[in-house]
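Single-structure report; data block below.
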2 protein chains.
Amino acid sequence: MKRERKRKVTIRDVADLVGVHHSTVSRALSPDKRDKISPTVVKKVEKAAKKLGYYRNIVASSLKQNRSFAVGVLIPDLMNPVFPPIIRGIQDTAEAVGYTVITANTDDEPEKERDALRMMQGRSIEGVIMATARREDPIVEECLANDIPVVLVNRTVDRDGVNAVVLDENYGIRSVIDHLMSLKHTRIAHIAGPQHTSTGFQRAKAFSDYLSIHNIPTDLVEATNKFTIEEGRRAFRRLLARDNSFSAIVAGNDLIALGCMDAMRDMGLLVPENISITGYDDILFLERMSPALTTVLVPKYEMGCQATKTLLGIIDGEDKAPVVLRMQPRLIVRNSTALASR
Amino acid sequence: MKRERKRKVTIRDVADLVGVHHSTVSRALSPDKRDKISPTVVKKVEKAAKKLGYYRNIVASSLKQNRSFAVGVLIPDLMNPVFPPIIRGIQDTAEAVGYTVITANTDDEPEKERDALRMMQGRSIEGVIMATARREDPIVEECLANDIPVVLVNRTVDRDGVNAVVLDENYGIRSVIDHLMSLKHTRIAHIAGPQHTSTGFQRAKAFSDYLSIHNIPTDLVEATNKFTIEEGRRAFRRLLARDNSFSAIVAGNDLIALGCMDAMRDMGLLVPENISITGYDDILFLERMSPALTTVLVPKYEMGCQATKTLLGIIDGEDKAPVVLRMQPRLIVRNSTALASR
DNA sequence: CTGAAAGCGCTTACAG
DNA sequence: CTGAAAGCGCTTACAG
């Protein structure tokens, strides 16, 4: 037995009360059609609508207009602290112009990603913001093929022609390395993020490139499969099993750095006394940890805002060439980095 | 100039391809109507649907069925680390049965809350989960009056008759006080959360009640306006200006505790050497902070799951009496608490 | 400025 | 088991 829902008040109820045709009500209540209706009627309609507690049925409106005023957001996992600020930026920007956002967690599983996209398509979302892109991503291709406006955030794809709001990874990695070199580190290792993501890959590339410029060997790179604490811990172990001559580690992101630090603690290694380490992202609470992690601040909230602005621009038909916005990161020095001891 | 969207494939396209009426396609594609259609036709329809890349237009389907397979979630702020796990619990549970969740941040402003609810009603959500309840909450009343299924999570209202998934606050506070008393603390202060929230109020009440039982004075209570670090910091200052005889603080939640610790650090007070302190919630990364905060674990993810199950139950018409589920918290001792020194 | 009509893509009694 | 029709609540060309 289904619950009996109260019948909702419709445009017709309002029309009856005022004594006009319901199409007139529709127009009177639409901001950009209102001016075709006499002010008197508009006023009466508004009064009646308020009196009856009318609010537009967006579902019906969407069906007719073939637009939904909704956008979708694909992220790996809300519980990963990088994402809440990004999403909040997206929500604030979208809601300000009357759009609703629907988020889905994909756990970085292509299958879930595809399902989520289907669901969103079924809800007629007008566009998608993806924080889940792989460097070669069939889901992104699918959006493109189906003409669904898409903008990538944080991560991007290898191929051109896709809107994205990303970071200047070269700048981020260079500022980290400059910092470590200023502390006299010469054997620097990199625990990279997954190489199928642009962030994992580009940071690793920037790392090698920049060390090469300074004639520092770049053999100390170990990649993870995921941007997680656990993966960071494991990768550190692999690295150490291979070589123990390094005095500093550049981690692919903060979680990986935390994992490395856990492994070091277990092995009795001190940060920064024995080894300096840096993170990337600047997730919350880093400044309260011991030691507080030196990292690269990624403007997460702002990236969410920018991605949304870009998406809404596309939806509104500004079809200029695909935009890639490259945001500026900023080094934040805390106390997980210190003068090289060896 | 609006973008031209690709025409989507509809039930009619599928019907034409198979050579049946579109109502047959509708039935063949509906899990609980499928059995009224001959297996052969079902098979053909499925094949055609797959071939054309058909997916059901949930918007149209919702309009006709007057249900949307969507639920709304109201939270104060996604960036507050308590909420992501709750939401993830909600999303996982809802998505498992084909429901979509729409979240909105209210920043604890009644106006935003009301707007968000309107928006959700416009989208015909079938129910709402609210993490924003005040003890007397007009928005909750509005849902009830409008017959919108609602379940509260974490916080609840004073009046009876509302579904809620909350915590056994008495148990939580008592386990904290027992712990402090076992460490010989006798002058214990409480920095309470906002008293217009059930969590702020009930924890404060449990605090006073339990101390009274043990004949410990309960004069050291200071309430905040918000569950934030900044408010915690300020309240600690007020407390200290009034009295400095306490050796332990029970904070209304983790953020407030962190604020207190910030204030103490600024004043050169050591935790736990000078003052022991406890939090509440067990937000992420507490174990990595210095000192690691002793706290009460609130099963956030599970509360999200339970709230959703309850809501879906109501939606499906199990209209038994309103349920209030009281989850069990668990004390987690870390090193912000130690033997009383004075 | 306003009305009447058609239709968005589905679902579902009602027939047969 | 299947079809034909009506209708969910809107919006919008088309008339006037």
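Which single residue of chain B puts its beta carbon nearest to the axis of rotation relating B to A, and what distance, in whole Å, does that give?
Nearest-to-axis residue on chain B, with distance in whole Å, is B:290, 2.
Projecting each Cα onto the charge dipole of chain B (Lys/Arg +1, Asp/Glu -1 at the beta carbon, about the Cα centre), which of B:248, B:154, B:263 comes out farthest on the positive side?
B:154
For the range A:257-283 and the range B:49-77, what is the separation of their C-alpha centers, rounded to whole Å?
46 Å
Starting at the first residue of the range B:102-107, write each ³J(HN,Hα) from the Karplus equation 6.51 cos²θ - 1.76 cosθ + 1.60 with θ = phi - 60°, in whole Hz, x for Gly and Pro.
Computed from phi, the couplings for the range B:102-107 are 10, 9, 9, 8, 10, 6 Hz.
Starting from a label point 7 Å past Cα on the Cβ side, list the distances from residue A:226 to the same position in the other copies, nm, shortest first.
Label-point separations across copies, in nm and ascending: 3.4.
Enumerate the aspartates and glutamates that residue A:64 could reach by cross-link, defined here as Cα to Cα under 15 Å, with residues fewer than 8 away along the same chain left out.
Answer for residue A:64, where 15 Å is the Cα cut-off: A:126, listed by chain and number.
Along the positive direction of the dipole of chain A (beta-carbon charges: Lys, Arg +1; Asp, Glu -1; about the Cα centre), which of A:48, A:145, A:23 reaches farthest?
Sorting the options by dipole projection puts first A:48.
Out of all DSSP beta bridges with both ends in the range B:169-298, state the antiparallel percent to the nearest 5. Write out the running numbers ahead of the final one.
Values: 0 of 12 bridges.
Taking every DSSP beta bridge with both residues in the range B:169-298, the antiparallel ones total about 0 percent.
Given the options A:140, A:25, A:71, state which has the largest fluctuation in a GNM of chain A using a 10 Å cut-off (strictly under) for Cα springs.
A:25
Out of B:90, B:229, B:37, any idea which swings most in a Gaussian network model of chain B, alpha carbons joined below 10 Å?
Of B:90, B:229, B:37, the Gaussian network model singles out B:37 as fluctuating most.
Treating only the Cβ atoms of Lys and Arg (+1) and Asp and Glu (-1) as charged, compute the dipole magnitude of the range A:11-56 about its Cα centre; round to the nearest 20 debye. Let's see the in-between values first.
Details: 11 positive and 5 negative charges, 18 e Å.
My answer is approximately 80 debye.
Students often get this wrong: which residues of the range A:8-23 have the backbone nitrogen under 12 Å from the point 7 angstrom along Cα-to-C-beta of residue A:36?
A:23
Find out how many positive minus negative residues lie around residue B:51, taking Lys and Arg as positive, Asp and Glu as negative, among other residues whose Cβ is under 11 Å from that of residue B:51. Working shown, then result.
Values: positive: B:44, B:47, B:50; negative: B:13, B:46.
The answer is +1.
Set the bar at 28 Å for Cα to Cα. Now go through A:309/B:47; B:8/B:44; A:184/A:226; A:205/A:226; B:112/B:226; A:43/B:8 and name every pair that lies beyond it. The partial results should precede the final answer.
Working: A:309/B:47 39 Å; B:8/B:44 20 Å; A:184/A:226 30 Å; A:205/A:226 17 Å; B:112/B:226 17 Å; A:43/B:8 38 Å.
From A:309/B:47; B:8/B:44; A:184/A:226; A:205/A:226; B:112/B:226; A:43/B:8, over 28 Å: A:309/B:47; A:184/A:226; A:43/B:8.
Mind checking which of A:204, A:49, A:321 has the largest fluctuation in a GNM of chain A, springs on alpha carbons under 10 Å?
Of the options given, A:49 has the highest mean-square fluctuation.
What size of dipole, in debye to the nearest 20, comes out for the range B:169-222 about its Cα centre when the only charges are +1 on Lys and Arg C-beta atoms and -1 on Asp and Glu C-beta atoms?
Details: 5 positive and 5 negative charges, 20 e Å.
My answer is approximately 100 debye.
Tally Lys and Arg at +1 and Asp and Glu at -1 over the other residues with C-beta under 14 Å from the C-beta of residue A:293: what net charge comes out?
Numbers: positive: A:265, A:288, A:334, B:288; negative: A:254, A:262, A:281, A:282, A:287.
Computed value for this residue: -1.
To check you understand DSSP bridge types, tell me what percent of the beta bridges within the protein assembly as shown (both residues inside) are antiparallel, rounded to 5. Working shown, then result.
Details: 7 of 71 bridges.
Once the DSSP bridges in the protein assembly as shown are tallied, antiparallel ones form about 10 percent.
Where the only charges are on Cβ atoms (+1 Lys, Arg; -1 Asp, Glu), what is the dipole of chain B about its Cα centre, to the nearest 20 debye?
Details: 48 positive and 43 negative charges, 367 e Å.
Its charge dipole is roughly 1760 debye.
Put a label point 7 Å from Cα along the Cβ direction on residue B:326, then list its distances to the equivalent points in the other copies in nm, shortest first.
5.9
Can you give me the Rg/Rh ratio for the protein assembly as shown, using Cα atoms for both radii and the Kirkwood formula for Rh? Before the final figure, lay out each step's value.
Values: Rg = 27.9 Å, Rh = 27.7 Å.
Using only Cα positions, Rg/Rh for the protein assembly as shown is 1.01.
Which of A:106, A:124, A:341 sits farthest toward the positive end of the charge dipole of the protein assembly as shown, with +1 on the Cβ of Lys and Arg and -1 on the Cβ of Asp and Glu?
The listed residue farthest towards the positive side: A:124.
Okay, helix-only estimate at 222 nm for the protein assembly as shown: each DSSP H run of n ≥ 4 adds -39500 (n - 2.57), divide by all residues, round to 500 deg cm²/dmol; what do you get? Could you put the intermediate results ahead of the total?
Details: 24 runs with 291 residues, N = 684.
My calculation for the protein assembly as shown gives -13000 deg cm²/dmol from helical runs alone.
Among residues other than residue A:335 whose Cβ falls under 13 Å from its Cβ, what is the net charge (Lys/Arg +1, Asp/Glu -1)?
Details: positive: A:288, A:334; negative: A:273, A:287.
The answer is 0.
Put the label 7 Å from Cα along Cα→Cβ for residue A:32; what are its distances to the other copies, in nanometres, shortest first?
Going from nearest to farthest copy, the values are 4.0 nm.
Just tell me the longest site-free run in chain A, where the sites are GluC sites (Glu not before Pro) in a DSSP loop having at most 14 other beta-carbon atoms within 10 Å.
Values: sites that count: A:4, A:136, A:273, A:318.
My reading of the result: A:137-272 is the longest stretch.
Here, each number is a calculation from the coordinates, and none is a lab measurement. Model, not experiment: these values are computed from the prediction. Here the Cβ is made from the backbone with ideal geometry for all residues, glycine too, and neighbour counts use every protein chain on show.
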